[in-house]
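Notes for the one structure printed next.
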Amino acid sequence: MDRSAEDTNGGRSLKRQRVEDTNENDTQSSTSLPPEVLGNIMNFLDYKTVLSCAATSKSFLHAMQLVRVLHIDKSSQLNALYSRYRDVRVINISSLLCREGDIMMVDNETVLKVIPFLSHFPKLEKVFLGGKDEHGKKFGVGDVMDTRYSFHTTGVQCISNLILQISYAYQSNFLPKSLLVLGIRCPTCCIANSNREGDSTCPCCQLACKTWPLEHVINFNNKGSSRWRKEMFEQRRPNTLDVCLTRDQLETIVKGRSGGEEMICPERRLLHLLGNGVLHTIRSDDDGSSFYIVQFSQIGVDRLKEEVTKLNGKQLSKEDVTKAIMNSFSIYGAPTPPKSRCYLGGGTSLALKERIGLPVLNEALVANNTNLPYLIKVLKIEGLLLKISQDCLWLLSQILNQQGNTVAVQQIVDSGLLPQIVNQHLNERNAVHLKLSSSIIDLIVKNGTIAVTETLVELGLVQKFVHLLSKQQGVFASYSISVLTRIANKSTSLRDIVLNADLVVPLTTLSEKKSVEIPRAVAILICKLCRGKPSPDFASGK
């Protein structure tokens with residue numbers, strides 16, 4: 001026997017031993033991550049990449065059972081091995097729409113396969129039907145309406161057939177009643193130069209209103225869910241179908257269904273609307289935990305006010321209102337997050353209390369340092385300010401307002417947030433935003449060390465507040481005087497910097513105000529500028 005082809009230890013061939021060692025090393029490297037982590041990774045991959053991962057590693061193959069999100073890009077992928085995906089909750093299907101020049105085409109194969117495909121996922125909660133452009137950006141029917149793209153005639157018919165198929169699937173319990181179908185719109189609204197919104201004879205919309213789950217039908221809207229929005233999957237009950245019926249026509253159909261009358265009654269509808277606020281999620285970069293802020297748009301507040309007038313003076317209890325609002329913090333099908341990480345926006349809370357007269361309890365959130373990293377993450381975003389930045393500023397001021405909270409000040413300094421507050425938030429033209437930013441600076445100077453104040457002065461804080469002082473506006477003048485007084489009281493060097501600012505003209509004007517508070521604050525500032533050793537050099541003061 002040729003012993004060069006044999007291993008002297010155990011008689012195994014060298015080739016077999018090398019193959020076994022390679023497989024063992026591959027297994028060890030693949031299983032270095034738990035299956036839950038591998039499944040979470042595949043949630044963000046397209047379906048083709050998921051299959052590639054499963055083909056190259058047994059660990060990924062076994063983790064496929066833990067995948068919760070599928071991204072389908074081709075109609076041929078709707079023939080998936082359903083048994084491998086036992087835990088899928090969300091499916092994004094981007095093969096329904098495709099662009100060919102200025103024509104928007106609808107893939108008929110996707111229309112034929114989608115209902116049987118979806119029926120194989122018993123835990124499915126949401127599905128988005130739309131397309132994807134050359135840059136990988138998803139779009140729904142609403143994104144391409146009223147644009148240079150026009151739908152092909154056969155495409156319009158395909159969308160009609162898809163809505164009818166979904167309606168019949170709901171009616172026959174072929175699809176779970178909890179499933180949210182997003183992204184499609186009644187095709188009569190898509191025909192160029194044809195405005196048929198409010199067409200009560202539309203068979204697609206009428207059948208959908210009669211067969212889709214009541215909880216979804218009550219959320220039918222126009223130009224809502226058919227526009228791709230990433231945050232729609234983070235809202236509890238987003239609009240499910242865009243219909244061409246008016247709200248009155250829709251509610252007439254709902255009232256004719258079993259349980260529909262209760263759903264439409266003003267009290268029930270008001271509580272339902274309170275549970276559909278816009279949910280903003282701030283995720284931590286460290287442990288993946290989240291902080292939640294709920295707001296209501298101006299249109300949403302007006303709609304709530306309209307429903308309150310229909311109650312004819314009937315008052316809702318604080319417990320019922322609070323419970324309904326807490327539904328806005330819950331992602332569909334998931335439990336409500338901890339109350340310590342839920343907050344109803346300050347502007348929204350004020351509108352619900354004063355404009356509408358609802359008994360709102362905003363005690364869900366206790367201002368504490370554990371929520372500080374979420375607020376800092378939002379406020380550090382440069383450029384266009386987010387809608388929730390004002391609420392984050394308000395919460396930050398509440399945390400800093402706690403007596404002796406030097407730990408929070410140090411966290412803010414260490415995070416590098418000070419430049420954003422001085423150079424970005426203090427330049428905001430919105431009066432509420434500017435007031436909150438001024439309040440935060442005042443609290444940071446109050447609770448911070450001399451070194452923190454010196455850092456703020458180096459960022460041009462004194463000049464910022466002297467400029468605000470020159471505007472002669474009461475609330476801004478009050479904060480400006482307070483901040484400048486605190487700075488001057490920190491050290492003689494900081495006192496001299498304030499003294500050399502252009503304060504004479506604005507202080508002289510403010511001292512003549514009829515109100516008592518501002519002249520008194522001006523007098524205190526002047527006293528602070530006159531104290532300390534060495535004595536201030538008034539000759540150089542401005």
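Out of all the residues in the range 48-92, which are of a type in the set (A, V, I, L, M), in a strand (DSSP E or B) and free of Cβ contacts under 8 Å to residues at least 40 places away in the same chain? Outline the logic, then answer.
Taking the range 48-92 and keeping what is of a type in the set (A, V, I, L, M), we get 50-51, 54-55, 61, 63-64, 66-67, 69-70, 72, 78, 80-81, 88, 90-91.
From the residues that got through so far, the ones that are in a strand (DSSP E or B) too are 69-70, 72, 90-91.
Result: Val69, Leu70, Ile72, Ile91.
Restricting the range 188-217 to residues that are under 32 Å from the mean Cα position of the chain (by Cα) and assigned to a loop (DSSP other than H, G, I, E, B), the residue that is modelled with the highest pLDDT is Trp212.
Scanning the range 43-60 for residues that are out of contact with any Phe, Trp or Tyr (no Cβ under 7 Å at 6 or more places or on another chain) and either buried (at least 16 other Cβ atoms within 10 Å of the Cβ) or at pLDDT below 85 (or both) turns up Asn43, Leu45, Asp46, Tyr47, Val50, Leu51, Ser57, Ser59, Phe60. Scanning the range 68-81 turns up at least one residue that is surrounded by fewer than 15 Cβ atoms within 10 Å (Cβ to Cβ) and under 26 Å from Leu33 (Cβ atoms). The set of residues in the range 394-446 that are of a type in the set (D, E, K, R) and within 23 Å of His467 (Cβ to Cβ) comprises Glu428, Arg429, Lys435, Asp442, Lys446.
For the range 327-343, which positions are assigned to a helix (DSSP H, G or I) and either more than 16 Å from the chain's Cα centre (by Cα) or modelled with pLDDT under 75 (or both)? Within the range 327-343, Lys339, Ser340 qualify. Out of the residues in the range 94-118 that are in a loop (DSSP other than H, G, I, E, B) and touching a strand residue (DSSP E or B) at 6+ places or on another chain (Cβ under 9 Å), which is farthest from Phe128 (Cα to Cα)? Filtering the range 94-118 for residues that are in a loop (DSSP other than H, G, I, E, B) and touching a strand residue (DSSP E or B) at 6+ places or on another chain (Cβ under 9 Å), the one farthest from Phe128 (Cα to Cα) comes out as Asp102. Residue pairs whose Cβ atoms lie under 8 Å apart, separated by 6 or more positions or on different chains, with the first residue in the range 318-334 and farther than 14 Å from Leu270 by Cβ and the second in a loop (DSSP other than H, G, I, E, B) and at pLDDT 85 or above, are Tyr332/Glu125; Gly333/Arg89; Gly333/Glu125. The condition (being part of a helix (DSSP H, G or I), surrounded by fewer than 19 Cβ atoms within 10 Å (Cβ to Cβ), touching a helix residue (DSSP H, G or I) at 6+ places or on another chain (Cβ under 9 Å) and not small (Gly, Ala, Ser)) is satisfied by just one residue among Gln411, Gln402: Gln411. Within the range 436-456, residues that are in a helix (DSSP H, G or I) have Cβ atoms under 6 Å from residues that are of a type in the set (Phe, Trp, Tyr) in these pairs: Leu436/Trp394; Ser438/Tyr479; Asp442/Tyr479, counting only partners at least 6 apart in sequence or on another chain.
Residues that are within 11 Å of the chain's Cα centre (by Cα) and hydrophobic (A, V, I, L, M, F, W, C) within the range 273-294 comprise Val278, Leu279, Ile282, Phe291, Ile293, Val294, listed in sequence order. Of note, Ile487 does not satisfy the criterion of being among the aliphatic types (A, V, I, L, M), at pLDDT below 80, within 28 Å of Gln402 (Cα to Cα) and more than 35 Å from the chain's Cα centre (by Cα).
When Glu231 is tested against (1) modelled with pLDDT of 75 or more; (2) in contact with a strand residue (DSSP E or B) (Cβ under 9 Å, 6 or more places away or on another chain); (3) not in a loop (DSSP other than H, G, I, E, B), only condition (1) is not met. In the range 276-300, the residues that are of a type in the set (Lys, Arg) form Cβ pairs under 9 Å with partners that are part of a helix (DSSP H, G or I), at six or more places apart or across chains, as follows: Arg283/Tyr374; Arg283/Lys377. If only one of Arg185, Arg84 is modelled with pLDDT under 85, more than 20 Å from Leu70 (Cα to Cα) and out of contact with any Lys or Arg (no Cβ under 6 Å at 6 or more places or on another chain), which one is it? That would be Arg185, the only listed residue that is modelled with pLDDT under 85, more than 20 Å from Leu70 (Cα to Cα) and out of contact with any Lys or Arg (no Cβ under 6 Å at 6 or more places or on another chain).
The values are calculated or read from the model by the stated rules, or taken from the named source; none is laboratory data. Worth saying up front: this structure is predicted, and the values here are computed from it rather than measured. Every residue, glycine as well, gets a Cβ built from its backbone with ideal geometry; the counts of neighbours run over all protein chains shown.
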